[in-house]
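What follows is a single structure, written as structure tokens, with notes after it.
The values are calculated or read from the model by the stated rules, or taken from the named source; none is laboratory data. Since the model is a prediction, treat every value here as computed from it, not as a measurement. Here the Cβ positions follow ideal geometry from the backbone for every residue, glycine too, while neighbour counts run over all protein chains shown. Heads up: the accessible areas ignore ligands, DNA and RNA and are worked out on the full protein's heavy atoms, side chains in. Shrake-Rupley method; radii C 1.70, N 1.55, O 1.52, S 1.80 Å.
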Amino acid sequence: MEDFEPKIVGFLCNWCTYTGADLAGTARIQYPPNIRVIRMMCSGGVDMVYVMKALLEGADGVLIGGCHPGDCHYQSGNFKARRRVAILKKILEELGFEKERVWLRWISASEGKKFANTVTEMVAHLKSLGPNPLKTIGKI
Amino acid sequence: MAKVFNTATTSELKSFLKKALEEKLFDALLGLYWMPSKDMLTLAVTSELKEIDKLEIIAPIMPVQAARVVSNIKFTESKLKIACIVKPCELRACVELIKLKQIMPENLTFISYDCGGAINVSDFKDATNNGENVVEQLLSCNKNFEDFSVKSDKIRFACSVCDKFIPSLCDIRIRSFGEKLSLQPLTEKGEALLNSMGVEMEERDFADYDTKLDSILKARKEKRSNARAIFKSEVKSLDALIKELSSCIRCHNCMTNCPLDYCKECIFKTPVFDHPVENYELWLNRKGTVKLPTDTLLFHLTRLNHMSSSCVSCGACESACPVGIKVSRMFMFLGEDVQKIFDYEPGRSLQEELPVATFREKELEKI
């Protein structure tokens, strides 16, 4: 398990978290290279089908990054994302799947450091959880 | 005490509806009608008086969820007035679809009744072809305040654990248990309809009626909570979910027949999952084996995420499943868990906003 490197799929909002990730890069802040970023126009555009598809295909974690409450570029996308994530997590929890594999975080365009810290924390957390059981589950 | 219009039999009730149609209080009547083959009831809407003879107002069968066919009507400027006789679960689905703007209720009158439950279409057809009168069986149960869902050995699972068999948001509620059938208006629309008919309204004491229905309700609630506990003990891991769904052929019948799966542009109706061969190459390299058809688990999880907050527990999904997956219990019980987060109950109120269509600025702090 020691050399297990989790894979994280990140759905990041163009206006805040994606720009925050960019800032982390331009500021040369170091963080683990375990995240694969997909740029979304808004966290409210992240359909939970994307999140589940990522998990079912074997991603060890999914990070959804949105603007802080009240800061959404489209007024309320992040509030809607929060409800959808709450529903997804409830269903995963009831089905005995580790809901902590899905993170929803508010990271603004100026919070490059917070983005780097979030990814670092998430990698550590996923390492302690171990590989996503769905990698092998459902195999015939 | 409530002011009601009493009728003694369903045929008396039928002549009342016939008269209402004749007097143009509505232009058409939607309900369950006998097919010419006389072995099956089908949903239909008619404006012909003589067709009302084929109507079965209260019947233990739900061939297609009525909310589905009502929401299939494209509502325009037309003022065609339709009275719809629906079961309580169909009514709750209609309420959800009204909130989703899939049904425009202005020219609709909803008539619903205290429901004893239903059996599956194929069982109904077999029974009628064997000379059984299932409709009469239900009515005689109702007459004696007996629960048809307990008496019938063919009862649908969703009906046997239904604890919302008394309609609340219809215009007219038919109190269908006991000696008399009482029409109780619950809205101004319903009251206006009964008034324009000039029928004699009587005060009737329902204390005894309500007590008897309460005991049926109590028994059903207990059954429901037992079924819930069984589900929770059987399906508590993704392995168990995969087992539950192992026979799924991904025919999408559950989705097609769900009244709440109304999206015209559903991702599962598109070629998104007709993956290019490169994807298979990738999967074969990574996993070695790919189950076909692909994305079966994703299909069910997506439905859970998208519509469980509005699941009305009608069981249309399970009735439609060709391989007998107990799909309705998954939706009704996980749906309840989801609805609880938002203190939401589908079909309870027209004012309550759908959980996924709204938000609060301060909520769910720990997500």
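Overview of results
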item: For the protein assembly as shown: accessible area per residue (Å², 1.4 Å); result: 46
item: Under the Karplus curve 6.51 cos²θ - 1.76 cosθ + 1.60, θ = phi - 60°, whole-Hz ³J(HN,Hα) for region B:242-247, x wherever Gly or Pro sits; result: 4, 5, 4, 9, 4, 8
item: Averaged over B:235-241, number of beta-carbon atoms from partner chains that fall within 10 Å; result: 5
item: Principal-axis tilt of helix B:134-143 within chain B, Cα atoms, nearest 10 degrees; result: 60
item: Neighbouring partner chain Cβ atoms per residue of A:78-89, average, 10 Å criterion; result: 6
item: Region B:33-75: C-alpha gyration tensor shape, a/c 1.5 cut-off, then a/b vs b/c; result: oblate
item: For chain A: rounded, prolate or oblate by the Cα gyration tensor [a/c cutoff 1.5]; result: oblate
item: C-alpha center-to-center spacing [region B:252-299, region B:5-40] in angstrom; result: 44
item: Derived scalar couplings ³J(HN,Hα) [region B:218-235; Karplus, 6.51 cos²θ - 1.76 cosθ + 1.60; whole Hz; x for Gly, Pro]; result: 4, 5, 5, 4, 5, 4, 5, 6, 5, 4, 5, 5, 4, 4, 5, 7, 8, 10
item: Span from the region A:1-76 Cα centroid across to the region A:83-137 one, whole angstrom; result: 10
item: Estimated dipole of region B:52-177 in Debye, rounded to 20 [Cβ of Lys and Arg +1, of Asp and Glu -1, Cα centre]; result: 460
item: Pairwise centroid distance, computed over Cα atoms, of region B:301-367 with region B:160-188, Å; result: 24
item: Rounded to whole Hz, the Karplus (6.51, -1.76, 1.60) HN-Hα couplings of region B:160-172, x for glycine and proline; result: 5, 10, 7, 10, 10, 8, 10, x, 10, 10, 8, 7, 10
item: Chymotrypsin sites (Phe, Trp or Tyr not before Pro) lying in DSSP loop within region A:1-93, provided at most 10 other Cβ fall within 10 Å; result: none
item: Under DSSP loop assignment and at most 15 Cβ neighbours within 10 Å, longest trypsin sites (Lys or Arg not before Pro)-free interval of chain A; result: A:29-138
item: Estimated 222 nm signal from helices in the protein assembly as shown, with DSSP H stretches of n ≥ 4 weighted -39500 (n - 2.57), rounded to 500; result: -12000 deg cm²/dmol
item: Across chain B: Cys residues that no other cysteine approaches within a C-beta distance under 4.7 Å; result: B:84, B:94, B:115, B:141, B:159, B:162, B:170, B:248, B:251, B:258, B:311, B:321
item: Solvent-free Debye scattering, log10 I(q)/I(0), computed from the Cα coordinates of chain B at q = 0.06, 0.10, 0.13 Å⁻¹; result: -0.25, -0.67, -1.10
item: Rg and Dmax of region B:232-347, Cα atoms only, in Å; result: 15.4, 48
item: Where only alpha carbons of region B:1-141 are counted, the Rg and the Dmax (Å); result: 15.3, 46
item: Kirkwood hydrodynamic radius of region B:200-266, Cα pairs, Å; result: 16.5
item: Selection of GluC sites (Glu not before Pro), region B:31-113, meeting DSSP coil and at most 11 other Cβ within 10 Å; result: B:48, B:77
item: Of B:315, B:252, B:284, farthest towards positive along the dipole that unit charges on Lys, Arg, Asp, Glu beta carbons give region B:235-357; result: B:284
item: Region B:208-280: GluC sites (Glu not before Pro) in DSSP coil with no more than 13 other Cβ atoms inside 10 Å; result: B:265
item: Given 12 as the ceiling on other Cβ atoms within 10 Å, longest exposed-site-free region of chain B for trypsin sites (Lys or Arg not before Pro) in DSSP loops; result: B:102-263
item: Pairs of alpha carbons in the protein assembly as shown whose separation is greater than 28 Å (percent); result: 59
item: Debye, to nearest 20: dipole size of region B:105-184, +1 on Lys, Arg Cβ, -1 on Asp, Glu Cβ; result: 80
item: Non-local Lys pairs in region B:235-357, i.e. 8 or more apart or on different chains, that have alpha carbons under 27 Å apart; result: 15
item: Counting all C-alpha pairs of region B:309-367, share separated by more than 19 Å (%); result: 40
item: Positive dipole terminus of region B:113-225, leading residue within B:209, B:172, B:158 (C-beta point charges); result: B:158
item: Placed amide H near residue B:347: partners under 5 Å, 5+ positions off or other chain; result: B:96
item: Contact order normalised by residue count of region B:2-226, Cα under 8 Å, 6+ apart, percent; result: 25
item: Extreme residue, positive dipole direction of region A:43-115, given options A:76, A:86, A:106 (C-beta unit charges); result: A:76
item: Gyration tensor verdict on region B:63-203 (Cα atoms; rounded if a/c is under 1.5, prolate if a/b is larger than b/c, oblate otherwise); result: oblate
item: Long-range amide H partners of residue A:38 with built H, under 5 Å; result: A:10, A:11, A:12
item: Dipole moment magnitude, nearest 20 debye, the protein assembly as shown about Cα centre, only Lys, Arg, Asp, Glu C-beta charged; result: 1120
